[in-house]
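The values are calculated or read from the model by the stated rules, or taken from the named source; none is laboratory data. Everything numeric in this text was worked out from a predicted model, so none of it was measured. Cβ sites come from the backbone with ideal geometry, for glycine too, and all protein chains shown count toward neighbours. Calculation scope for accessible area: heavy atoms of the full protein, side chains included, ligands and nucleic acids excluded. Shrake-Rupley method; radii C 1.70, N 1.55, O 1.52, S 1.80 Å.
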Amino acid sequence: MSELSILGRRLPKVNAWAHLTGSARYADDIRLPRMLYGRLLRSTRPHALIKRIDISRALAYPGVVAVVTGADMPEKMGIMPSTQDETALAVDKVRYVGEPVAGVAALDEDAAYEALSLIDVEYEDLEPIFTIEEALDRDDVKIHDTSKRANVFKEVHLSFGDVEGGFAKADHVREDWFFFEGNTHAPIESHSAVASYDADGKLTLWTSTQVPHYLHREMEKVLGLPRTRIRVIATPNGGAFGGKSDPFGHEFAAALLSMRTKRPVKITLDREEVFYAHRGRHPVKMRIKTGVKKDGEITAVEFQSYLDGGAYASYGIATTYYTGALLTVTYRVPAYKFDGVRVYTNKPPCGPKRGHGTTQPRYAFECQLDKIAMDLGLDPIEYRLRILQPANSRTVNELRVTSMGLGECLRALRDRTSWERKRSERTKGKGIGVAGSAYISGAGLPIYWNDMPHSGAEIRIDRGGGVTVMCGTSEIGQGSDNLLAAIAAEALGVYPEDVHVVSGDTSLTPVDLGSYSSRVTMMAGNATKNAGLKLREQLVTVAAEKLGIPADRVNLAYRKVYDLKDPERSMSFVEAANLAEAKYGTLVGAGSYRPPAGIGGNYKGAGVGPTPAYSYQAAVAEVTVDLETGQLTVDKITTAHDCGRALNPVNVEGQVEGSAYMGYGEIVVEEQIFRGGLHKKPSLLDYKLPTSLDTPKLETILIESVDSEGPYGAKEAGEGPLNPVIPAIANAVYDAIGVRFDETPITAEKILDALGKRDNRGITKDRIGPTGLGDGKADPKRAMRRLEASTEARERKKTQV
Amino acid sequence: MLRLPRFRFVSPPSIEEAIHIRTEHPATSMYVAGGTDVYPKMKRRQFQPEVVIAIGGLVRDDFRGGTLAPLADTLPSVAEEGPLPLGPLPLGLRIGAGATLTEVAEHPRVREGYRALSIAAGLVSTPQLRNMGTIGGNVCLDTRCNWYDQSLFWRTAEGYCMKTHGDVVCRVATSSPRCLAVASADTVPALIALGAQINVVGPNGARTIDLAECYREDGINYLALEPGEIVTEIVLPPSDGWRSTYLKQRDRNSFDFPIAGVAAAVRMDRGVVTDARVAITALGSRPVRVDASALVGTKLDDEAIGAVADATHKAARPMDNTSGTISQRKRAARVFADRALRSLRDD
Ligand SMILES: Cc1cc2nc3c(=O)[nH]c(=O)nc-3n(C[C@H](O)[C@H](O)[C@H](O)COP(=O)(O)OP(=O)(O)OC[C@H]3O[C@@H](n4cnc5c(N)ncnc54)[C@H](O)[C@@H]3O)c2cc1C
Ligand code: SF4
């Protein structure tokens, strides 16, 4: 749009140089005078009572200054106020291998490391629970006493419209089971926190977190220090993807160790510890039943999800609802029933990862729609186009939809990928597949109930024309600082490089709830825009007076304030700012944003799902399967994404490509899996993040539906684009070899199995995936039997020698 | 970050001195060349040597700049002469054990005459590790196992295994009398297929051994070298008439160790195979040379290739201790042998 001077342009990010040259200061780069180095002792048991912890030997070790344990911080904490079941360090009981048990601060890292082995912990083992099925069944073993039924964390049941009637009307009903394996974020920067408790009794915590505000609240609760004396600063995150949006043990441990020693304390997790901190994608078993008319029109959907939550709540209650909430916003669903259950298991807690809770059901649903299209003899793109949820509508579960560009995404993909031609070419081993998706542009509700804004921003203009934006957002590499600078620059008619961004500092910046749920562009963007427009009005007023023209003819752009009719009639931005300061006093504008009321329903559970606007996206994947080795190669992923308006197209494309990369990894190689309670691959060598040589060709098509609610029309771009990639690949594999992968990841082994080449029996399969709960696929006892067998054998061997 | 334990680092001036220090501390010292295997394992406390003896620089060739020298002194070194005329090397090639994998992979003479080695060295891990890692280190590389290649914390939680604690069982097969860890070096099968020998120097003097004889079917005592022996050179026989290749199965196209690897070399005379060698890695505790005699006298026809592929399949004995699965890797042995041999055909 021509009236925008900054937004919509392909400008470099304001912090690109700092990130590229390594000069950005991450938490671990911080070194303070007299600083101590901390490390955490972690549980070696998946499920055990802590009978005794003796820290005396560790305390006596040369260089050790302080040791803290769970007993020093027994207060329960957790991100969701209603389900706080965690403590900073384990108290009385450990629930997964890798759970923090104690913290040591020492003069150097080596002493801290050595001292860990001198902390004596006596455990009494309890029977561990590792699978969804066991967790649902075993009433005799409780991971948390709070579970009413077996080890269920949360159960939800929702029903909308006439589900029974819907299925009765259907000409064709499909019922399928799916399993989505868990995986983790693997940000390149491992978590790090530096705490400094100073002589004035105030605590500062620099930490790589996505949620400085929520962490601020939890620090008060756990440390018993009033929030007025705590300052949380979110350092630039070297990637987060949802993995840094919980309060973590190391943050509290660093703080308490600093309070005890009166010296700054730094704790940086090593790579293995990041796998234990986790909070990544839940493994989910799903059952979907969908009824359709002959022409494909959906008559009813029934969806069940079983989430393996790991040992603690994290965002689990939201995740559970999210598995069901967004299935309705893409295609017309007149009747919908959703049952979800999340269980506790003795594994690192799962939480939000890019696409939070919607990725797994989206995979299942889009795979099932592909099957329905085949059943009905319809082209998968054409089929989806027929059943689109309309723009400016309400879904059956009462979600408000504003702009809706999924149709445009699908049509653009059909053209760009030569879909029809490729689809008709039938070469065994080569395939092409499609899937659609949607995501929220920020959660409609905050995590703790309140009527305050979700985001606030403050803008100041100094006498030299410099602009400072202050906002509580956390820069996690997604470009939020750049966004704040660009929106402020647009509103005030300057350049992004004239803007200084102060973000994520609970003492300096107004609250923003955090960089999660793809809310920053929508919410902090609107708050910044509002703040900027207030100042703009003051500048317009003084300039109109000075230039002698009506206010509606004044425009601000390119560091100039000028007459739209006669641009020669102008003054510089600095002049206007100085006039305004003379007239109004110090130039400070504050803005805030809160999602509008009425975007969701009123039923219990209606809080999860609503958003000011949904982003829409679709992806086409092209794959090649090596029929002899089972190796799956994804040749290309093309994603079309409706982001409302691309405030910076390069940045949006970066998010879309990054999402495609991440989705690709999730379905082809990545798994967070365990063997007898131990993480099977807690390193970047073994946890197979795709490398640049594996990554498919990526192409992005941006669709701009210009949303009425978004700042300058923008919606999210950070999470949604991951979702369609996964089912698109599964559907492409089906196109290539005629096998349905109703289970992730699609490994060579599974492909060989389906092709009848795994062994000599030559039995082929047309589907790989679960057939129900407890279908024997994941024999819950196997891992334990095996561990026991090897322990017994070891004991026998020992007694022999 | 995991940190290295304390240790004494020595950089002796000569091979003799290095051997001397090593024999003085038989149980508590280790040689290091590029350190790409030794140091990460020290961080994970799989190795805890008190003395680390740097030998990489001692076993590069004595001329400066180049690391590879032709076997015969009559041919000048690469460094002195610049690019040499390529073509078959009638006298073979001698590679200092301290040559980096990058140097080996990119050397024109290796590319020309010993393609399998160039490919294998170029497929090791990442460019950074190839710049540091040496071919000697690769030949002596420790065996791998996903119960063993873990941090001290992990192994403590798990309860250790036979490889580090003699009184504990093997986790992979609890009744196994030996450690089943996997031979995982990429260049070794290529070198074996190329008929390489190694020169070693040790407390009892120097000797030359066929590389194929250097390994044992034992994840713990995997090397048939005497304590304190240093690999000084890898010696390749004349390359005339030989063509070779290496295929590697791994999860990703960079970074990863092989989970199956097949090297094949054939000597052709007017379209007919006169000699052939096939060797595999990552499919057992030792690299295995596969009987490829079925190829001799044929024109690499389907049937002969099929027979050797079957033999390769039979020789592959993967266990469940790497990524991937047993059946996938065993199958890859056959498919890769087949593909490798087909790729050596004339057309
Ligand atoms: C992430 C990662 C990925 C890797 N991927 C691969 C891979 O894909 N393929 C592969 O083959 N390897 C791989 N490696 C292993 C390693 O990098 C290579 O094997 C490398 O060639 C080792 O050489 P080095 O000089 O660094 O050995 P070092 O670490 O220095 O030594 C390795 C062993 O050899 C001994 N040694 C070294 N030189 C001599 C000598 N001249 N005489 C006697 N003993 C000697 C040492 O004492 C030690 O036991 C990987 C390593 C890492 C960390
Ligand atoms: S094969 Fe057995 S003994 Fe050897 S490292 Fe693995 S678990 Fe340990």
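Tell me yes or no: at least one residue of segment B:298-309 is over 24 Å from B:Asp142 (Cα atoms), within 14 Å of chain A (Cβ to nearest Cβ), open to solvent by 60 Å² or more (accessible area, probe 1.4 Å) and of a type outside the set (A, V, I, L, M). Looking for residues that are over 24 Å from B:Asp142 (Cα atoms), within 14 Å of chain A (Cβ to nearest Cβ), open to solvent by 60 Å² or more (accessible area, probe 1.4 Å) and of a type outside the set (A, V, I, L, M), one finds none in segment B:298-309, hence no.
Apart from one condition, B:Ser285 fits all of (1) open to solvent by less than 40 Å² (accessible area, probe 1.4 Å); (2) under 23 Å from B:Tyr215 (Cα atoms); (3) away from chain A (no Cβ under 14 Å); (4) away from ligand 2 (no atom under 16 Å from the Cβ); the exception is (4).
Annotation for segment A:18-27: at least one member residue is touching a residue at least 40 places away in the same chain (Cβ under 8 Å), within 21 Å of A:Gly103 (Cα to Cα) and within 32 Å of the chain's Cα centre (by Cα).
Under the condition of being in contact with a helix residue (DSSP H, G or I) (Cβ under 7 Å, 6 or more places away or on another chain) and assigned to a helix (DSSP H, G or I), the residues counted in segment B:128-140 number 6. One residue stands out in segment B:246-264 among those that are surrounded by 23 or more Cβ atoms within 10 Å (Cβ to Cβ) and more than 21 Å from B:Ala181 (Cβ to Cβ): the one that is farthest from ligand 2 (Cβ to nearest atom), namely B:Ala264.
Yes/no matrix, rows are residues, columns are (1) of a type in the set (Lys, Arg); (2) in contact (Cβ under 8 Å) with a residue 24 or more places away in the chain; (3) open to solvent by 10 Å² or more (accessible area, probe 1.4 Å):
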{"residue": "A:Thr528", "(1), (2), (3)": "no, yes, no"}
{"residue": "A:Ala531", "(1), (2), (3)": "no, yes, no"}
{"residue": "A:Lys565", "(1), (2), (3)": "yes, no, yes"}
{"residue": "A:Tyr593", "(1), (2), (3)": "no, yes, yes"}
{"residue": "A:Gly609", "(1), (2), (3)": "no, yes, no"}
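Within the span defined as segment A:323-341, every residue fails to be farther than 24 Å from A:Phe178 by Cβ and in contact (Cβ under 8 Å) with a residue 24 or more places away in the chain.
A quick yes/no check of all residues on (1) within 23 Å of the chain's Cα centre (by Cα); (2) within 12 Å of ligand 1 (Cβ to nearest atom); (3) assigned by the TED database to the domain that holds B:Met268; (4) not small (Gly, Ala, Ser):
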site	(1), (2), (3), (4)
B:Arg171	no, no, no, yes
B:Ala190	yes, yes, yes, no
B:Ser244	yes, no, yes, no
B:Ser254	yes, yes, yes, no
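Among the residues of segment B:166-187, which ones are β-branched (Val, Ile, Thr) and facing chain A (nearest Cβ under 9 Å)? Passing the criteria: B:Val168, B:Val169, B:Thr174.
None of A:Leu205, A:Leu158, A:Leu225, A:Leu215 is under 30 Å from A:Lys293 (Cα atoms) and either surrounded by 16 or more Cβ atoms within 10 Å (Cβ to Cβ) or aromatic (Phe, Trp, Tyr) (or both) except A:Leu158. Selection of segment B:271-281 for residues being closer than 18 Å to B:Pro238 by Cα and either of a type in the set (Lys, Arg) or surrounded by fewer than 24 Cβ atoms within 10 Å (Cβ to Cβ) (or both) yields B:Val273, B:Thr274, B:Asp275, B:Arg277.
Among the candidates A:Gly436, A:Gly472, A:Gly405, the residue that is in the same structural domain as A:Gln538 (by TED's automatic domain parsing) and under 30 Å from A:Gly605 (Cα atoms) is uniquely A:Gly472.
Looking only at segment B:194-224, count how many residues are within 15 Å of ligand 1 (Cβ to nearest atom), in contact (Cβ under 8 Å) with a residue 24 or more places away in the chain and open to solvent by less than 30 Å² (accessible area, probe 1.4 Å). Qualifying residue count for the region: 8. Any residue in segment B:7-29 that is more than 11 Å from ligand 1 (Cβ to nearest atom), of a type outside the set (Asp, Glu), touching a Pro at 6+ places or on another chain (Cβ under 9 Å) and within 14 Å of chain A (Cβ to nearest Cβ)? Within segment B:7-29, one or more residues are more than 11 Å from ligand 1 (Cβ to nearest atom), of a type outside the set (Asp, Glu), touching a Pro at 6+ places or on another chain (Cβ under 9 Å) and within 14 Å of chain A (Cβ to nearest Cβ).
Looking only at residues in segment A:668-681 that are more than 9 Å from chain B (Cβ to nearest Cβ) and closer than 15 Å to A:Ala186 by Cα, the one that is surrounded by the fewest Cβ atoms within 10 Å (Cβ to Cβ) is A:Ile673.
Every residue, every condition in (1) without any contact (Cβ under 8 Å) to a residue 40 or more places away in the chain; (2) crowded, with 22+ Cβ neighbours inside 10 Å; (3) over 27 Å from the mean Cα position of the chain (by Cα), yes or no:
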| residue | (1), (2), (3) |
| --- | --- |
| A:Ala88 | no, yes, no |
| A:Val94 | no, yes, no |
| A:Gly98 | no, yes, no |
| A:Val101 | no, yes, no |
| A:Glu122 | no, no, yes |
| A:Asp125 | no, no, yes |
| A:Pro128 | no, yes, yes |
| A:Asp140 | yes, no, yes |
| A:Ser147 | no, no, no |
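With a requirement of 1 or more residues that are within 30 Å of A:Gln368 (Cβ to Cβ) and within 20 Å of the chain's Cα centre (by Cα), the strands (runs of 3 or more DSSP E) lying completely within segment A:429-528 that satisfy it span A:430-440.
Taken together, the residues in segment B:315-347 that are in contact (Cβ under 8 Å) with a residue 60 or more places away in the chain and in a loop (DSSP other than H, G, I, E, B) amount to 9.
Screening B:Met132, B:Met162 for residues that are within 8 Å of ligand 1 (Cβ to nearest atom) and either within 12 Å of another protein chain (Cβ to nearest Cβ) or surrounded by fewer than 24 Cβ atoms within 10 Å (Cβ to Cβ) (or both) leaves exactly one candidate, B:Met132. Of the numbered criteria (1) in a loop (DSSP other than H, G, I, E, B); (2) open to solvent by 10 Å² or more (accessible area, probe 1.4 Å); (3) in contact (Cβ under 8 Å) with a residue 40 or more places away in the chain, the one A:Gly644 fails is (2).
From the list B:Leu236, B:Leu191, B:Leu247, B:Leu211, the lone residue that is closer than 23 Å to B:Leu295 by Cα and within 14 Å of chain A (Cβ to nearest Cβ) is B:Leu247.
Quick check: anything in segment B:148-155 assigned by the TED database to the domain that holds B:Ile230, more than 14 Å from ligand 2 (Cβ to nearest atom) and open to solvent by 20 Å² or more (accessible area, probe 1.4 Å)? No, the conditions are met nowhere in segment B:148-155.
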